[in-house]
Every structure is written in structure tokens, then in C-alpha cells.
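Read the structure below first, then the notes.
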Amino acid sequence: MKDCKQRIIAPSILAADWSRVAEESNRAKETGGDWLHLDVMDGHFVDNISFGPTYVEAVRKSTDQYLDVHLMITRPDHFFPRFAKAGADNITVHVESDHDVAETLAGIREAGCHCGLALSPDTDFDDMRPFLDQIDLLLVMTVRPGYGGQAFMESETMPKVQEALAERERLGLSYHIEVDGGIDTKTVKIAAANGANVMVAGTSLFAAPDMAAAISEMRE
Ligand code: DX5
Ligand code: ZN
């Protein structure tokens, strides 16, 4: 896994044209994307349904990029093995989901993937503290999970990014700090200034008139 100080841009396939998954995955890479972010939604943990392991497998076949799978599902403990098998490189689960978080994180690593833990805007950072030394990535959701194209929630989420950075330094850890939702060439600067290094962006990249220009602007 790359150094947690490096800026990583992760286009979210949620905002792509799903009927052209191979072209869209390659477009994300050719225009400078580092990772590909895949938002899995079960219609229960969030009020939307996206795709499952079979679609992740299709993306895996179409690109060699690092697949950053974000499970917005109620039972990540039950389903993560299928995403590992489908070719995920990182699997992020939600601290709010109904599972034994430590057990799930250990299981993801045993399956050969990096593991991430996410919290939604309404969840207190304290819920993450018991797991900070067991993760490769900490995802601070900057919108309420479920849909792309929402507005960046600065006041509710940037203090958590700051706290994640402070704790990483205090404890001598090296997890990535990722933000996801409403990230564009403006809000990326706010997120970076607070300590985030992995920037997930769907709408602002796949809908951009010039995806390469948008990605390089996100790196500044
Ligand atoms: C929310 C999803 C979105 C998606 C990117 O559940 O996780 O955040 O990845 O959304 P936008 O279009 O806001 O970049
Ligand atoms: Zn996501």
C-alpha cells in the first residue's frame, strides 16, 4: 500500500456509465486516477442498491488498478469473502454495521486484502478508537452514504479528519485517511488541509468535461 502521506485520487465508479465498465475503468486510469473506488450498497444499510461481487469481478477483469471496495452493507462480516474473491485490493466496512468489527477487519486481512473502517457523518469518532491499530485505511464519509452527487458536509466531518490525523501521529500508526462524497477541485483542498490523503470522487470526475484536468487539479 502507498505511503499515507501521498495524495491518492480514487474515482468512484458509482458515477460512471455502468454499461461501459471496461472503458470507464480504463478512462479513470488513463486520466490519472490512482485507485478505483467501488461503492457497494445493499438497500438496507443505505436506502439504495448498487452492485455485488459479480460486478466487482467484471471491473477486476477490465483493469489492473487498485480496487478500493466500500461496503455500505449491514452484514460485511458475512459478505466480505466474496469481494476478496472477486478481486478487491482494499475492503472498507462501516463501524455502524451489525458485526464484530475487529473480527471482520482481521478476516479481511487474512483473506489477503487491506482493510478499512468507515464512519458516517452522524457517527462519533469515539466509535473508531478501539480499531485504529487494526486498519490500513480510515474513511471519513463527507456525505450521508447512499448516493453520489451530494454536497460536501464540512463542519460535521472535518473535525473527524483532524482527529484521525492526530491519533495516527500520537499512536505512531500509518493508516490512510480517505474522504468520500462531494469531493471536487475545491473541497479536496479543505479535506487535504485537515489531513486526508485519499480523495474519492465520482460526480466531479466522471461528469467532468475534462477528467484528466480535474484529476491533475485535485493533485495540486
Ligand atoms: C456515497 C458514495 C459516494 C460516491 C461519490 O454513498 O460513497 O460518496 O462514492 O460520490 P460523489 O458523486 O459525491 O463524488
Ligand atoms: Zn464510497
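The values are calculated or read from the model by the stated rules, or taken from the named source; none is laboratory data. For clarity, every value in this text was computed on a predicted model and none was experimentally measured. In this analysis, Cβ positions are derived from the backbone assuming ideal geometry, glycine residues included, and neighbour counts consider all displayed protein chains.
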- Query: Looking at 28, 10, which one is over 11 Å from the mean Cα position of the chain (by Cα), aliphatic (A, V, I, L, M), within 29 Å of residue 164 (Cα to Cα) and within 15 Å of ligand 2 (Cβ to nearest atom)?
  - Reply: 28
- Counted residues, the range 81-101 - those being within 15 Å of the chain's Cα centre (by Cα) and of a type outside the set (Gly, Ala, Ser): 8
- Query: Going by the conditions given, is residue 204 free of Cβ contacts under 8 Å to residues at least 40 places away in the same chain, of a type outside the set (Lys, Arg) and within 16 Å of ligand 2 (Cβ to nearest atom)?
  - Reply: yes
- Output for the range 117-147, where each listed residue is within 12 Å of ligand 2 (Cβ to nearest atom) and either of a type in the set (A, V, I, L, M) or in contact with a Pro (Cβ under 8 Å, 6 or more places away or on another chain) (or both): 118, 120, 137, 139, 140, 141, 142, 143, 144
- Query: Which members of the range 45-68 meet the condition of being in contact (Cβ under 8 Å) with a residue 40 or more places away in the chain and either under 19 Å from residue 180 (Cα atoms) or charged (D, E, K, R) (or both)?
  - Reply: 45, 46, 47, 48, 65, 68
- Please give the strands (runs of 3 or more DSSP E) falling wholly within the range 117-212 in which 3 or more residues are touching a Cys at 6+ places or on another chain (Cβ under 9 Å), modelled with pLDDT under 95 and crowded, with 23+ Cβ neighbours inside 10 Å. none
